[in-house]
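The values are calculated or read from the model by the stated rules, or taken from the named source; none is laboratory data. Everything numeric here is computed off the predicted structure, so don't read it as measured data. Because the Cβ atoms are built from the backbone with ideal geometry, glycine has one as well, and the counts that use them run over all protein chains shown.
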Amino acid sequence: MGVTAPLCLLLAAGVARIAAAAPAPAGAGALEETRGSVTIDWGEGTVTARAGAAGDVRMPSADLARPGAERRARAAALGQLKDALATLPLGGGRTLPADAVDRALGRAETLDVQYQTNGGAVVRMRAHFGDWLPAPAPGGPTLALVEAPLAAAPALRVAGKEVVSGAARYRSGAPPSGSHAIAVKIDRDGHWIPKGEKSDRGDKGDKAQRKTKAERGGGADEDLAEKLAGAAIVIYVQKVVR
């Protein structure tokens, strides 16, 4: 019994190294971000966590030790997902509230479980962008920016009002022809606005003109705002700002 605790620590460290040193999945590129054992795939709109746990050496066999190790590894992976979701940038300095994080964790899926010969286990779990929403997001318009920071649910200013999307996925480069992508720019205050829309900066005449336009209602701006609100959108970006 005197060597049980040190041995458990050594086995746990070995499984943790296996989890951390695993190769990145195929297709990893500029839109993938790694934070320790967590991978954020901005192209697919997913957050994936990988965690391992050693088998209890007090169990009579490796087979009997694996269920407990799997439970501990799953709990560790969920803890990593929770931390990653809680700090995931939505855009404009926003992050997910606690209830939205819990909702996404409740919908997380197990990708695979790898059992070790010593009774340990390594678990991969994944949450999708938008899992934090009460209901599935409807499809929204496609956007295109020359450069932008990555945001999981960006907000746009349309006709002077902030409209928050539900979830976003990204594509590198310019949008293909026929995509009907809406060109977007970022103003000096960091607001995402459709090109042609004036920012909040400007003289009093510009502000009065924007107010009159917003009060009229209807038109392309109102239609765009309605399509963006709470929607799942695709964003083409030529340069990612880190």
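Brief remarks follow.
- Among the residues of segment 86-105, the ones that are without any contact (Cβ under 8 Å) to a residue 24 or more places away in the chain and outside any loop (DSSP other than H, G, I, E, B) come to 5 in all.
- When Val164 is tested against the conditions (1) over 19 Å from Glu226 (Cα atoms); (2) β-branched (Val, Ile, Thr); (3) surrounded by 14 or more Cβ atoms within 10 Å (Cβ to Cβ), the lone failure is (1).
- Within segment 106-116, one or more residues are part of a helix (DSSP H, G or I), surrounded by fewer than 21 Cβ atoms within 10 Å (Cβ to Cβ) and not hydroxyl-bearing (Ser, Thr, Tyr).
- Of the set (1) crowded, with 23+ Cβ neighbours inside 10 Å; (2) without any contact (Cβ under 8 Å) to a residue 40 or more places away in the chain, all apply to Ala54 but (2).
- Residue in segment 157-166 that is in the same structural domain as Ala225 (by TED's automatic domain parsing), at pLDDT 90 or above and under 14 Å from the mean Cα position of the chain (by Cα) present: yes
- Here is the figure for segment 41-65: residues that are in a strand (DSSP E or B) and within 18 Å of Thr87 (Cα to Cα) total 6.
- When residues of segment 184-201 are limited to those that are modelled with pLDDT under 80 and among the basic types (Lys, Arg), the one nearest to Val234 (Cα to Cα): Lys198
- Screening Gly68, Gly79, Gly93 for residues that are out of contact with any strand residue (DSSP E or B) (no Cβ under 6 Å at 6 or more places or on another chain), modelled with pLDDT under 90 and in the same structural domain as Val122 (by TED's automatic domain parsing) leaves exactly one candidate, Gly68.
- When each of Ala152, Ala127, Ala144 is tested for being farther than 21 Å from Arg35 by Cβ, touching a residue at least 60 places away in the same chain (Cβ under 8 Å) and either outside any helix (DSSP H, G or I) or of a type in the set (A, V, I, L, M, F, W, C) (or both), the lone residue that passes is Ala144.
- Test: Ala86 is among the hydrophobic types (A, V, I, L, M, F, W, C), within 30 Å of Glu162 (Cα to Cα) and in the same structural domain as Ala108 (by TED's automatic domain parsing): yes
- In segment 10-32, the count of residues that are outside any loop (DSSP other than H, G, I, E, B), modelled with pLDDT of 50 or more and either assigned by TED's automatic domain parsing to the domain that holds Val101 or touching a strand residue (DSSP E or B) at 6+ places or on another chain (Cβ under 7 Å) (or both) is one or more.
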